[in-house]
There are 2 protein chains.
Amino acid sequence: MRIKINNNFDRINQTYLFSNIAARVRDYSKGHPDADIIRLGIGDVTLPLPSVITEAMQQAVLEMGSAETFRGYPPEYGYDFLKDAIVSHYKDLGVNISSSSVFVSDGAKSDLGNIVDILGNNEIIIPDPVYPVYVDSNLMNGNHINLLPGNMDNGFLPMPDELPSGIEAAVIYLCSPNNPTGAAYDQEQLETWVSYAIDTGSLIIYDNAYEAFISEDLSHSIYSVPGAEECAIEICSFSKFAGFTGVRCGWTIIPDTLISEDGHQLSALWSRRQATKFNGVSYPVQRAAEAALSDKGIIELQKNIDYYRRNASTIASALDDLAIRYTGGINSPYIWLECPDGLGSWDFFDKLLHKAQIVGTPGEGFGQAGEGFFRLTAFGTYENTCKAVQRLRKLL
Amino acid sequence: MRIKINNNFDRINQTYLFSNIAARVRDYSKGHPDADIIRLGIGDVTLPLPSVITEAMQQAVLEMGSAETFRGYPPEYGYDFLKDAIVSHYKDLGVNISSSSVFVSDGAKSDLGNIVDILGNNEIIIPDPVYPVYVDSNLMNGNHINLLPGNMDNGFLPMPDELPSGIEAAVIYLCSPNNPTGAAYDQEQLETWVSYAIDTGSLIIYDNAYEAFISEDLSHSIYSVPGAEECAIEICSFSKFAGFTGVRCGWTIIPDTLISEDGHQLSALWSRRQATKFNGVSYPVQRAAEAALSDKGIIELQKNIDYYRRNASTIASALDDLAIRYTGGINSPYIWLECPDGLGSWDFFDKLLHKAQIVGTPGEGFGQAGEGFFRLTAFGTYENTCKAVQRLRKLL
């Protein structure tokens with residue numbers, strides 16, 4: 001077969017970070033079948049869906065079983081009932097967005113991965129360490145990436161003044177509260193980023209997947225910053241906020257006002273891309289999502305978020321006691337800790353797995369600036385989190 | 001905002017064909033609110049899901065509501081229970097495929113649209129008329145497309161000998177039974193295509209979405225042709241076979257043996273692409289898909305398929321009586337008719353909409369070779385189909 005494949009795939013790691021980790025854990029498991037492994041690695045939720053959500057889904061499935069209420073292809077960008085719920089959700093956050101700027105999808109990962117389809121070859125600015133999708137999707141597209149390092153000094157909140165000068169018209173990925181560091185920009189910092197984007201003619205792709213975990217007085221949307229509607233796309237997810245990692249739903253906001261210098265409207269491009277390569281989200285899933293955003297849904301989900309928050313502070317306290325430096329845990333389900341004794345992050349991964357049967361994520365998997373750091377998640381059970389913390393106290 | 005967008009979007013029509021049609025129908029509706037519009041345009045199913053499927057989905061939703069049975073992120077390429085069901089399904093069709101070659105997705109449209117991500121810039125061969133996704137996704141990627149015209153003479157089953165000579169190492173899209181023409185290649189024709197692909201070092205992307213409608217003695221998979229595992233990807237869907245247009249599930253087969261001349265294994269590339277840009281299919285949806293492939297599911301769905309088949313033959317009979325030439329209707333839910341009186345396809349669309357309140361799809365929407373042709377679908381209710389046929393008999 002002599003067809004050309006996309007050679008850019010040679011630029012990326014053979015396997016995705018989490019596939020890599022899963023393989024190591026599987027191997028350890030096979031060698032130690034009785035090991036009580038506590039998984040604080042993958043950012044996967046563990047609490048079940050509240051009944052208001054499962055009931056909505058059940059109802060929708062029932063409807064699919066009856067001719068009068070059966071639904072076929074969903075509207076391209078989401079059912080109005082869900083788009084309206086999303087617009088309403090933003091209103092509660094103090095932000096006005098139009099329904100036409102809402103694009104429902106099967107999750108933030110898909111949108112973050114696919115958004116490159118509508119963009120040309122641009123300079124890319126990505127903070128380091130970071131969720132691997134931003135880097136990999138741009139490498140696949142042959143783009144040049146400028147990494148902007150986070151570190152303990154800037155609290156893993158790198159700012160534009162740390163960028164090389166002269167970068168113009170870039171695509172900037174920001175994730176706040178951050179995966180993996182849990183660090184969150186404050187309003188002033190977001191305003192600085194928006195100013196920078198406007199000044200340099202850049203586009204911000206704002207990953208807002210962890211917004212629900214904010215507990216300090218921080219912004220819940222990039223659109224809380226005036227001017228963001230001229231330079232920012234916001235990508236959101238039901239995964240962490242509603243426990244939908246196994247349900248699959250998210251949304252992207254592309255304001256009508258996002259127009260490139262040569263007159264292309266980004267929302268029109270995305271509409272066309274989605275109409276061509278996507279067929280919408282499952283009806284029962286959209287009803288589940290609508291229920292998640294209902295008053296009752298928000299209340300029920302708040303309990304789940306608080307449950308995870310307790311895990312986060314449990315881990316954070318232990319690290320405080322162990323005098324290990326970290327970011328996150330306050331506005332995020334992630335704790336990003338400095339590996340003790342100057343250990344490399346994969347060495348620390350192995351140490352935790354083999355000596356304490358805890359799975360975390362080595363910081364290096366998120367980028368060079370992650371070397372020497374490690375991510376633990378607050379998504380386990382409270383019992384397992386306490387158990388893990390005990391093991392950490394013993395080991396470190 | 002001075003970022004570069006993907007200029008290839010200028011190469012494609014502003015709006016996707018079906019969005020275009022929906023807009024025209026909405027306008028007509030507004031002007032004629034009492035019109036009894038019969039929709040035989042979009043290939044959307046209308047029969048509800050059989051209870052074996054809704055029950056499986058209900059059960060899965062229940063599980064999501066309980067901590068012990070809650071499921072988070074699905075395995076990247078599908079749950080084993082579904083991949084096994086797919087492998088088993090192929091076995092029933094007389095084809096052996098490995099579980100590792102199965103990639104579960106949220107539908108054929110996503111896979112057909114996204115497969116370009118792993119391919120480089122190649123010559124593309126696409127029969128005309130055709131499902132717009134193949135053309136549009138390649139235009140978005142900047143590829144040069146060679147259209148291979150179907151017509152009444154070749155029964156809308158164009159063959160390689162109708163291609164210009166000298167094309168090497170192309171990506172060839174085949175859809176059989178075809179959308180929009182309903183024509184289906186026989187075994188010998190598929191063997192010829194596979195030989196051509198092997199001889200020219202080409203890749204076949206085989207859209208098998210309508211396989212369940214085959215009623216003649218035809219192949220149900222490209223892998224029934226020896227050698228196809230060296231040159232073909234097969235993309236399948238639950239949409240038409242199981243009525244999942246609103247549920248969203250499909251799968252792609254990429255044999256491990258599909259290796260490019262420079263040593264890239266296509267399944268490894270697709271694995272990497274999906275691991276990066278996709279987060280799997282909803283758990284309840286995968287259980288629904290598993291149920292669709294169960295013995296009971298197949299039996300129940302066969303009834304639905306027969307119901308649509310009756311619609312198809314109802315339309316076909318009428319066209320026979322009206323001496324209107326057509327393809328399809330036998331192995332397909334689509335009937336592809338020659339517009340009477342030499343009318344252009346959009347003119348015929350307007351005529352049917354305004355004079356008979358029937359919505360169909362103008363052939364030109366599927367490509368130049370579709371001009372003067374028109375697609376009707378068998379997915380309506382039997383009552384509406386009979387009503388539509390009566391109106392056609394009067395009008396034509």
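None of the figures in this text is laboratory data; all of them are computed from the coordinates on show. All of these numbers come straight from a predicted model, not from anything done at the bench. Heads up, the Cβs are rebuilt from the backbone with ideal geometry, glycines too, and the neighbour counts pull from every protein chain shown.
Specify, per residue and in Å³, the volume enclosed by the convex hull of the alpha carbon atoms belonging to the range B:1-104.
Dividing the Cα hull volume of the range B:1-104 by its residues yields 309 Å³.
When the Debye formula is applied to the Cα atoms of the protein assembly as shown, each taken as the same point scatterer, what base-10 log of I(q)/I(0) results at q = 0.07, 0.10, 0.11 Å⁻¹?
Computed log10 I(q)/I(0) values: -0.51, -1.05, -1.27.
Tell me the mean residue ellipticity at 222 nm calculated for the protein assembly as shown from its helices only (DSSP H runs of n ≥ 4, each -39500 (n - 2.57), averaged over every residue, nearest 500). If you can, show how the numbers build up before the last one.
On the way: 24 runs with 302 residues, N = 792.
Taking each H run of at least 4 residues, the total per residue is -12000 deg cm²/dmol.
Take the Cα atoms of the range B:337-396, find their three principal axes, and give me the spread along each one in whole Å, biggest first.
33, 22, 16
Hull surface divided by four, with the convex hull built on the Cα atoms of the range B:298-371: how many nm²? Can you show the working numbers first?
Details: hull surface 22.7 nm².
Quarter of the Cα hull surface area: 5.7 nm².
Output wanted: per-residue J couplings in Hz (rounded whole) for the range A:198-204, from phi through Karplus 6.51 cos²θ - 1.76 cosθ + 1.60, θ = phi - 60°, x for Gly and Pro.
3J(HN,Hα) across the range A:198-204, in whole Hz: 5, 4, 9, x, 9, 10, 9.
Quick one: which residues, 5+ away or cross-chain, put their amide H under 5 Å from the amide H of B:ILE172? H built at 1.01 Å from N.
Counting only residues 5 or more places away or on other chains, the set is B:ILE125, B:LEU203, B:ILE204, B:ILE205.
Give a residue-ordered list of calculated ³J(HN,Hα) values for the range B:289-306 (Karplus: 6.51 cos²θ - 1.76 cosθ + 1.60, θ = phi - 60°; whole Hz; x for Gly, Pro).
Computed from phi, the couplings for the range B:289-306 are 5, 4, 5, 4, 8, 6, 4, 5, x, 4, 4, 5, 5, 4, 4, 5, 5, 5 Hz.
Note down, for chain A, the three equivalent ellipsoid semi-axes (square root of 5 times each alpha carbon gyration tensor eigenvalue), biggest first, whole angstrom. Mind dumping the intermediate values first?
Working: eigenvalues 207, 148, 91 Å².
Over the Cα atoms of chain A, the ellipsoid semi-axes are 32, 27, 21 Å.
How many angstrom lie between the C-alpha centres of the range A:222-261 and the range B:29-99?
28
Any idea what the A:SER100 label distances to the other copies are, label 7 Å down the Cα→Cβ vector, nm, shortest first?
Going from nearest to farthest copy, the values are 5.1 nm.
Using +1 on the beta carbon of Lys and Arg, -1 on that of Asp and Glu, and nothing else charged, what's the dipole of chain A about the Cα centre, debye to 20? Walk me through the intermediate numbers first.
On the way: 29 positive and 49 negative charges, 355 e Å.
Computed charge dipole of chain A: roughly 1700 debye.
Go ahead and set up a Gaussian network model of chain A, Cα springs under 10 Å, then flag whichever of A:SER165, A:SER176, A:SER98 fluctuates most.
Maximum among the listed residues: A:SER165.
For B:GLU55, which inter-copy label distances result when the label point lies 7 Å beyond Cα on the Cα-to-Cβ vector, reported in nm to one decimal and in ascending order?
2.5
What GluC sites (Glu not before Pro) does the range B:237-311 have in DSSP loop regions with at most 14 other beta carbons within 10 Å?
Here the GluC sites (Glu not before Pro) that fit, given the DSSP loop and packing criteria, are B:GLU261.
Suppose you put the label 7 Å out from Cα in the Cβ direction; list, shortest first and in nm with one decimal, how far A:LYS4 is from each other copy's label.
Values, ascending and in nm: 1.6.
Which lysines does A:LYS355 reach when only Cα atoms under 23 Å apart count, and residues fewer than 8 places away in its own chain are ignored?
Qualifying lysines at Cα under 23 Å: A:LYS30, A:LYS387, A:LYS394.
What whole-number volume per residue, in cubic angstrom, does the convex hull of the C-alpha atoms of the range A:216-259 give?
Residue-normalised Cα hull volume stands at 72 Å³.
Would you pull out the residues with amide H under 5 Å of A:ASP106's amide H, same chain only if 5 or more places away, H placed 1.01 Å from N?
Placed amide hydrogens put A:GLY250 under 5 Å from A:ASP106.
Put +1 on the Cβ of each Lys and Arg and -1 on the Cβ of each Asp and Glu in the protein assembly as shown; which of A:ALA291, A:VAL95, B:ILE37 then has its Cα farthest toward the positive end of the dipole?
Checking the options against the dipole of the protein assembly as shown, the answer is A:ALA291.
Which residue fluctuates the most in chain B, going by a Gaussian network model with Cα springs under 10 Å, if the choices are B:GLY280, B:GLY380, B:GLY329?
The residue that fluctuates most here is B:GLY280.
A:LEU157's amide H: which non-local residues (gap 5+, or another chain) put their own amide H closer than 5 Å, with H modeled 1.01 Å from N in plane and none for Pro or chain starts?
A:ASN151
Within the range B:1-86, report the GluC sites (Glu not before Pro) that DSSP leaves as loop and that have at most 12 other Cβ atoms within 10 Å.
Qualifying residues, ordered by number: B:GLU68.
Along the charge dipole of the protein assembly as shown, Cβ charges K/R +1 and D/E -1, which of B:ALA67, A:ILE358, B:SER19 sits furthest on the positive end?
B:ALA67
Once phi is turned into ³J(HN,Hα) by the Karplus curve 6.51 cos²θ - 1.76 cosθ + 1.60 with θ = phi - 60°, what whole-Hz value does each residue of the range A:70-87 show in order, with x for glycine and proline?
Calculated HN-Hα couplings, in order: 4, 10, x, 3, x, x, 3, 10, x, 5, 4, 4, 7, 4, 4, 4, 5, 4 Hz.
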